[in-house]
1. Residue under question is Pro96, and the condition is that it be within 30 Å of Asp162 (Cβ to Cβ) and either surrounded by fewer than 14 Cβ atoms within 10 Å (Cβ to Cβ) or touching a Cys at 6+ places or on another chain (Cβ under 9 Å) (or both); does it hold?
2. For region 204-225, how many residues are buried (at least 20 other Cβ atoms within 10 Å of the Cβ), small (Gly, Ala, Ser) and in contact (Cβ under 8 Å) with a residue 60 or more places away in the chain?
3. Is it fair to say Ile244 is farther than 30 Å from Ile133 by Cβ and of a type in the set (Val, Ile, Thr)?
4. Only one of Leu167, Leu172, Leu145, Leu152 is in a helix (DSSP H, G or I), closer than 16 Å to Leu63 by Cα and of a type in the set (A, V, I, L, M); which?
5. Of everything in region 217-245, what is at negative phi and not in a helix (DSSP H, G or I)? Give them in sequence order.
6. Tell me which of these Ile64 doesn't satisfy, since it passes every other one: (1) modelled with pLDDT of 90 or more; (2) surrounded by fewer than 19 Cβ atoms within 10 Å (Cβ to Cβ); (3) aliphatic (A, V, I, L, M).
7. Across region 106-115, what is the total count of residues that are over 19 Å from Trp138 (Cβ atoms) and among the hydrophobic types (A, V, I, L, M, F, W, C)?
8. Can you run down the residue pairs with Cβ atoms below 6 Å, 6 or more apart or on separate chains, where the first is in region 72-99 and modelled with pLDDT under 90 and the partner is of a type in the set (Gly, Ala, Ser) and in a loop (DSSP other than H, G, I, E, B)?
Amino acid sequence: MNLYGIQAIYKAEMARMWRTVLQSIASPVISTSLYFIVFGAAIGTRMAEIDGVSYGAFIIPGLIMLLLLNESISNASFGIYMPKFTGTIYEVLSAPVSPVEIVVGYVGAAATKSVLLGLLVLVTARLFVDYQILHPFWMLAFLILTAVTFSLFGFIIGVWADGFEKLQIIPLMIVTPLAFLGGSFYSITMLPPFWQTVTLFNPVVYLISGFRWSFYGAADVHIGVSVGMTLVFLSVCLTLVWWIFRTGYKLKP
């Protein structure tokens, strides 16, 4: 494996984050902090506990997961789209790096950014809400697994998109609504039976439920099912990435 090639792509992507600190780091952290202030500190004090957890603490995993999904997709899609837009993707494809090494470089950088943001928001949440993490190992593992999975998904979107507006279609019109309807701010057990069944068709439910379990040991869906669904989506993304490089879809003229 060409570690130098992976390192070059990885460093270039990480350098872009440090050049745009306000947009890449400050903006999402401040936006998420506003949720903690409004829902956690203001509204949360007037709401009953959910599964024995205060409302402000209950929404922390959901908000971090919402941030993680959007940032993973955004970072990865923009990272691969820009070389396509400028034409430098042909230099990358002609360089002595394999498709696996290209994906590891771009997806690894996007996942690293997302995990760093998730941890930063987790630390920031302590300023507004008291919380505990019962399973810190599983919390970190779930954070990394989700970041890698949706960075791969973002990579696919970046290859598919042929304009800047398409980069935002799926995150804004599909992923964000699914995250809001997937239990970010409530437990799906609070819904009527019919809507509980309907909600189980939302894949984001399994991500938020599994991540919340690592904090408080309570989940809407069994942790094994949550991990399994995440691995299934990871497998689908890996298959699509393999197909993209196998066929040269939108990468080669």
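1. Numbers: within 30 Å of Asp162 (Cβ to Cβ): yes; either surrounded by fewer than 14 Cβ atoms within 10 Å (Cβ to Cβ) or touching a Cys at 6+ places or on another chain (Cβ under 9 Å) (or both): yes.
Yes: the conditions hold for Pro96.
2. Qualifying residue count for the region: 2.
3. Values: farther than 30 Å from Ile133 by Cβ: yes; of a type in the set (Val, Ile, Thr): yes.
Considered against the rule, which asks whether it is farther than 30 Å from Ile133 by Cβ and of a type in the set (Val, Ile, Thr), Ile244 comes out as yes.
4. Leu172
5. Initially, region 217-245 is screened for residues at negative phi, giving 218-245.
Hits for region 217-245 are Ala218, Ala219, Asp220, Val221, His222.
6. (2)
7. Residues in region 106-115 being over 19 Å from Trp138 (Cβ atoms) and among the hydrophobic types (A, V, I, L, M, F, W, C): 3 in total.
8. none
The values are calculated or read from the model by the stated rules, or taken from the named source; none is laboratory data. Predicted model, so just to flag it, every value in this text is computed and none were measured. Please note: Cβ atoms are built from the backbone with ideal geometry, for glycine as well, and neighbour counts cover all protein chains shown.
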